[in-house]
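The values are calculated or read from the model by the stated rules, or taken from the named source; none is laboratory data. Treat the numbers as computed from the prediction; the structure is a model and nothing was measured. In this analysis, Cβ positions are derived from the backbone assuming ideal geometry, glycine residues included, and neighbour counts consider all displayed protein chains.
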Amino acid sequence: MKRNKAWLAPLLSVLFFGLFVGAWQLATSSSSDGELPPGMDPEYAALLGAQAATGGQSAMPGPGDVAARIWEHVKDPFYDRGTNDKGLGIQISYSIARVLGGYVLAALVAIPLGFLIGMSPLVYKALDPFIQILKPISPLAWMPLALYTIKDSNTSAVFVIFICSLWPMLVNTAFGVATVRREWLNVARTLEVKPLRRAFLVILPAAAPTILVGMRISIGIAWLVIVAAEMLVGGTGIGYFVWNEWNNLSITNIITAILLIGLVGMLLDHLLAWVARAISWRE
Amino acid sequence: MSQPFLKIEGLKRQFPQPGDAAPTPVFEDLNFGIDRGQFVCVLGHSGCGKTTILNILAGLDEASAGHVIMDGREVRGPSLDRGVVFQGHALMPWLSALKNVEFAVRSRHADWSREQVRNHAVKYLELVHLGEALDKKPAELSGGMKQRVGIARAFSIEPKMLLLDEPFGALDALTRGSIQDELIGIVEATRQTVFMITHDVDEAILLADRIVLMTNGPRAKIAEIVVNPMARPRVRETLHQQPEFYPLRNHLVDFLVKRSRAFTPGADWDPKNPPLVYPGAPDRAAA
Ligand SMILES: Nc1ncnc2c1ncn2[C@@H]1O[C@H](COP(=O)(O)OP(=O)(O)OP(=O)(O)O)[C@@H](O)[C@H]1O
Ligand SMILES: [Mg+2]
């Protein structure tokens with residue numbers, strides 16, 4: 001049998017990364033020779049402006065440019081020079097705060113409500129049609145309604161996060177609670193365990209892994225949605241930053257922000273995966 | 001005649017059938033009693049309704065007709081007076097062995113200190129020789145160890161009566177033997193009243209003072225109640241040397257193989273009062 005080489009996968013990762021950066025470098029340096037990119041209409045190029053047309057500085061930056069820009073942001077993440085020029089650290093903090101705000105509110109509603117729904121087959125059946133219809137609605141569709149009723153763009157963004165985080169947690173909690181093994185409930189019954197104690201010491205730990213699956217799906221969706229929501233409401237946040245840099249045509253900043261979005265999303269997911277491992281149980 | 005500790009009268013259970021088919025009772029008109037301190041086994045083929053009876057005794061299920069009276073009061077729901085060892089061990093996998101037992105102890109003694117609860121739980125786990133495995137999760141225990149935790153949990157609430165549903169069904173012969181011996185040990189020490197389901201003849205002979213024989217379902221009945229002629233304490237190693245052993249064993253095997261399927265009640269067979277049978281000692285039956 002072959003020995004399991006633990007270092008092989010990371011080595012390959014580094015290799016792939018090198019190949020990718022190399023290809024990127026090649027692709028961007030070849031188009032910066034002053035010629036029009038092939039297939040581009042000269043008139044259209046003129047409309048776009050001299051910089052894009054000539055590529056005096058390539059519209060698509062190379063890896064070196066992006067690395068330099070990332071370094072700038074890392075050195076000074078929290079500068080604040082007015083509405084449209086804030087450090088990436090500040091922008092991402094706004095986004096994280098909105099996501100956590102909406103997410104925690106959603107958890108506070110979804111988990112107790114899911115508990116009640118899961119405990120009662122009658123309530124489950126009665127609420128099921130509403131959940132079925134509300135669940136597939138794109139959270140961004142709520143945005144105009146939120147802006148109209150709440151009138152505050154920041155609160156509206158939090159509300160959209162709340163709505164999109166709600167359903168996976170609600171549905172999973174209800175399912176987890178409804179499918180707790182009968183034998184554990186019977187043990188609790190023969191021991192005359194009081195309802196509250198049963199809820200916290202039997203049903204909650206039994207359903208916890210299923211609930212955590214819902215929480216993990218929710219944080220993923222919330223992080224996807226916040227970027228779009230902030231593009232819509234504007235003002236602050238990483239989504240707004242991306243939109244603003246698009247208007248500034250600063251591709252390096254956009255790429256930097258994209259990497260940061262991915263990084264934070266991964267960290268949020270890992271955090272919940274870690275919690276899920278801590279509360280999971282094996283039979 | 002004084003009333004037995006536990007009395008079952010006219011017990012019947014039927015389940016609603018899919019569609020409008022008329023339900024056939026799983027069993028009907030069961031009558032028997034258990035005295036305080038007695039160990040009673042129910043022997044019958046799979047599907048004759050043994051678990052259903054036990055669930056009704058535990059208060060987890062309701063009879064379609066008839067009732068169960070324990071210690072002068074009708075059984076109307078689950079109670080700490082009856083400890084149950086389930087057919088699957090039913091331990092909570094997120095709790096250690098100790099915590100599983102503590103959960104039960106805490107349910108009985110809400111006013112005890114943490115220390116008291118722990119000591120009590122440890123005492124019962126040591127009784128089933130699990131003093132070394134207190135902090136192991138069920139997933140880290142063998143099948144026999146899990147079943148012993150289940151037994152410790154049921155005993156730890158010191159119920160008036162113990163209900164065991166094939167507690168050793170899933171175990172190999174060797175483990176089964178050693179846990180049976182442990183069970184005998186604690187039952188002797190606590191003079192516990194026990195109702196146990198099994199379909200192992202030798203287990204019934206070793207453990208039971210009385211063996212209730214059930215016919216096959218549906219419409220299962222109690223054919224007879226066999227009295228174990230061998231006095232307690234019964235010891236596995238020497239049991240089969242006693243003269244009463246083989247007549248008793250043959251009688252039980254004969255019932256399971258032949259009579260349970262085609263049970264034809266005699267003229268004097270009365271479901272309200274199933275006959276007591278003394279295999280190997282026919283003279284006692286007349287007495
Ligand atoms: N909830 C239920 N709904 C419908 N039928 C049931 C239900 N529970 C049990 N039964 C039926 O009742 C009969 C007796 O079941 P029970 O579990 O009591 O058998 P058992 O004697 O314990 O069998 P085993 O030895 O295999 O454990 C079976 O035919 C089963 O199909
Ligand atoms: Mg059974």
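Residue-wise test of (1) modelled with pLDDT of 95 or more; (2) over 14 Å from residue A:234 (Cα atoms); (3) not hydroxyl-bearing (Ser, Thr, Tyr).
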residue: A:138; (1), (2), (3): no, yes, no
residue: A:146; (1), (2), (3): no, yes, yes
residue: A:149; (1), (2), (3): no, yes, no
residue: A:153; (1), (2), (3): no, no, no
So, residue B:5, is that one within 12 Å of ligand 1 (Cβ to nearest atom), surrounded by 13 or more Cβ atoms within 10 Å (Cβ to Cβ), at pLDDT 90 or above and among the aromatic types (Phe, Trp, Tyr) or not? no
In region B:146-171, how many are within 16 Å of ligand 1 (Cβ to nearest atom) and not small (Gly, Ala, Ser)? 8
For region A:173-191, name all the residues that are surrounded by fewer than 16 Cβ atoms within 10 Å (Cβ to Cβ) and within 9 Å of chain B (Cβ to nearest Cβ). A:181, A:183
Suppose we filter region A:76-111 for residues that are surrounded by fewer than 19 Cβ atoms within 10 Å (Cβ to Cβ) and either at pLDDT 95 or above or closer than 22 Å to residue A:225 by Cα (or both); how many remain? 13
Taking region B:158-176 and keeping residues modelled with pLDDT under 90 and more than 16 Å from ligand 2 (Cβ to nearest atom) leaves B:172, B:173, B:174, B:175, B:176
Out of curiosity, is residue B:96 in contact with a Pro (Cβ under 9 Å, 6 or more places away or on another chain), away from ligand 1 (no atom under 16 Å from the Cβ), free of Cβ contacts under 8 Å to residues at least 40 places away in the same chain and not charged (D, E, K, R)? no
Conditions (1) of a type in the set (Phe, Trp, Tyr); (2) without any contact (Cβ under 8 Å) to a residue 12 or more places away in the chain; (3) in contact with a Lys or Arg (Cβ under 9 Å, 6 or more places away or on another chain): number failed by residue A:78: (2)
Consider residue A:196 carefully, then state whether it is surrounded by fewer than 17 Cβ atoms within 10 Å (Cβ to Cβ), at negative phi and within 14 Å of chain B (Cβ to nearest Cβ). yes
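Return yes when residue B:15 is farther than 22 Å from residue B:158 by Cβ, in the same structural domain as residue B:214 (by TED's automatic domain parsing), buried (at least 22 other Cβ atoms within 10 Å of the Cβ) and within 16 Å of ligand 1 (Cβ to nearest atom) and no when it is not.
No, not satisfied.
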Selection within region B:172-200 - part of a loop (DSSP other than H, G, I, E, B) and away from ligand 1 (no atom under 15 Å from the Cβ): B:172, B:191, B:192
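Residue under question is residue B:76, and the condition is that it be over 29 Å from residue B:170 (Cβ atoms), more than 16 Å from ligand 2 (Cβ to nearest atom) and among the basic types (Lys, Arg); does it hold?
yes
Select from region A:135-169 the residues that are of a type in the set (A, V, I, L, M), under 18 Å from the mean Cα position of the chain (by Cα) and loosely packed, with under 14 Cβ neighbours inside 10 Å and list them in ascending order. Quick ask: steps written out before the conclusion?
Pass one, region A:135-169, residues of a type in the set (A, V, I, L, M): A:137, A:140-141, A:143, A:145-147, A:150, A:157-158, A:160-161, A:163, A:166, A:169.
Now drop any that are not under 18 Å from the mean Cα position of the chain (by Cα), which leaves A:137, A:140-141, A:143, A:157-158, A:160-161, A:163, A:166, A:169.
A:137, A:141, listed by residue number.
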Inspect all residues belonging to region B:66-74 and state whether any of them is within 13 Å of chain A (Cβ to nearest Cβ) and either among the charged types (D, E, K, R) or crowded, with 22+ Cβ neighbours inside 10 Å (or both). no
For residue B:77, all conditions in the list (1) in a strand (DSSP E or B); (2) within 14 Å of chain A (Cβ to nearest Cβ) hold save one; what is the number of the exception? (1)
Residue B:84 passes all but one of (1) within 11 Å of another protein chain (Cβ to nearest Cβ); (2) within 16 Å of ligand 2 (Cβ to nearest atom); (3) in a loop (DSSP other than H, G, I, E, B); which number fails? (3)
Is there a residue being within 14 Å of chain A (Cβ to nearest Cβ) and within 16 Å of ligand 1 (Cβ to nearest atom) anywhere in region B:30-47? no
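Given the options B:107, B:2, name the one that is in a loop (DSSP other than H, G, I, E, B), more than 18 Å from the chain's Cα centre (by Cα) and not basic (Lys, Arg). Explain how you work it out, then say what you get.
Numbers: B:107 fails: in a loop (DSSP other than H, G, I, E, B).
None of the others qualify; the one that does is B:2.
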